Amino acid sequence: MRLFHSRATMAAAFILSTIPAAGAKDAWSGCRSADPETRISGCSQVIERIAKESKHNKVAAYANRASAYQLKGKLDEAIADYGKALEVDPGSAAILSGRGAAYRAKGDLENALKDYSAAIAAHAKDEAAYFGRGGVFYAKAEYDRAIADYDEALKLSPKDAKILAARALAWRQKGDPEKELSDLNEAVRLDKRSTAALAARGAYYQSKKDYAHAETDLAEVAKLEPKSSQAQNNLGLSLHGAGDYDKAIAAYDAAIKLDPNNAAAFLNRANAWRGKHDLERAKQDYEAALKLKPDLASARKGAEDVEKLLAKKAAAGAAPSAQ
């Protein structure tokens, strides 16, 4: 099962408060909106007359628009706006963490590391910066350093399930299943709706071939995230592992319905059809997976194997019967 390390960011969520300049209340109302499009529009209006705003408001306008861009996946625009905010307030740990998160989402780990480290230097009790930097170290496969940062984040926020779940993944990479499960159990205890913790624990149980517990956790994730194709795909994997091909196929069907471009779900459904000895349907799904992702080696291997099995079956059917 492939589970993605958390990329949750404080920056994309925060909206700085302001005291609007005279005549700018409507624009500021938009700039503080929870809706990204409305926020971008409102902040852009404020920025057009930014010279009239206080230092705090200048930072807020750029930072709020940056976080909206970040939510929409416009990372270059977000990074540029965080940079403008930092020109006004170079020592803002929140803005540095925000830009670090944008760099990390873009895959620029070195700049993300610089910004998170600068945020920690500016504010040693910035839990978000430690958590973010831990994620960068994890992505760089520096698991001891990741765990050290997660430890610091947990000192500042000991009941944060997402930090425990992230540290559990680092323990997994270090080959320490006892600490991994301990962190995941505590994360779920603290937040029974933490899909990151439940999904990670489901993956842990599946790796131990404890499919009953895996199904319980992954079914809960699918319930909590009913629009998640990945959640349905992961549930299908646990059912598949248990040998329940029909239920697994139903879960893969749901995953594909939610995201027709989910190549992994087509691949996994192909494997389930193959488990049921339905080679024609398996062939169709392997081909669908390859159409979506031509470099998917496991789908190509599966398609080749099924072609051979179908050819062998056809040859056997065409052979004359013994007299």
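Since every read-out is calculated from the coordinates, none of them should be taken as a lab result. Not measured: the values here are computed from a predicted model. Reconstructed Cβ throughout: ideal geometry from the backbone, glycine too, with neighbour counts over all protein chains shown.
Among rounded, prolate and oblate, which fits region 98-242 when a ≥ b ≥ c are the square roots of the eigenvalues of its C-alpha gyration tensor, a/c under 1.5 means rounded, and a/b larger than b/c means prolate? Note, shape of region 98-242 comes out prolate.
Going by how many other Cβ atoms sit within 10 Å of their own, how do L75, L310 line up, fewest first?
Working: L75 19, L310 14.
Exposure proxy ranking, most exposed first: L310, L75.
State the answer as a single residue: which of A299, F137, A121 lies farthest towards the positive end of the charge dipole of the chain, with beta carbon charges of +1 for Lys and Arg and -1 for Asp and Glu, about the Cα centre. It is A299. For region 182-225, the gyration tensor built on C-alpha atoms gives an oblate shape. Its axis ratio a/c (a ≥ b ≥ c) is at least 1.5, and a/b is not larger than b/c. Here K55 is the anchor, and the aspartates and glutamates within straight C-alpha reach of less than 13 Å, apart from those fewer than 8 places off in the same chain, are E87, D89.
Entry note, the chain: the mean residue ellipticity at 222 nm calculated from DSSP H runs of n ≥ 4, each adding -39500 (n - 2.57), is -23500 deg cm²/dmol after division by the residues and rounding to the nearest 500.
Taking 26 Å as the cut-off for C-alpha to C-alpha distance, list the pairs among K174/K247; K114/K155; K179/K247; K174/K283 that go past it. Don't skip to the end; give the middle numbers.
Working: K174/K247 33 Å; K114/K155 22 Å; K179/K247 32 Å; K174/K283 38 Å.
Exceeds cut-off: K174/K247; K179/K247; K174/K283.
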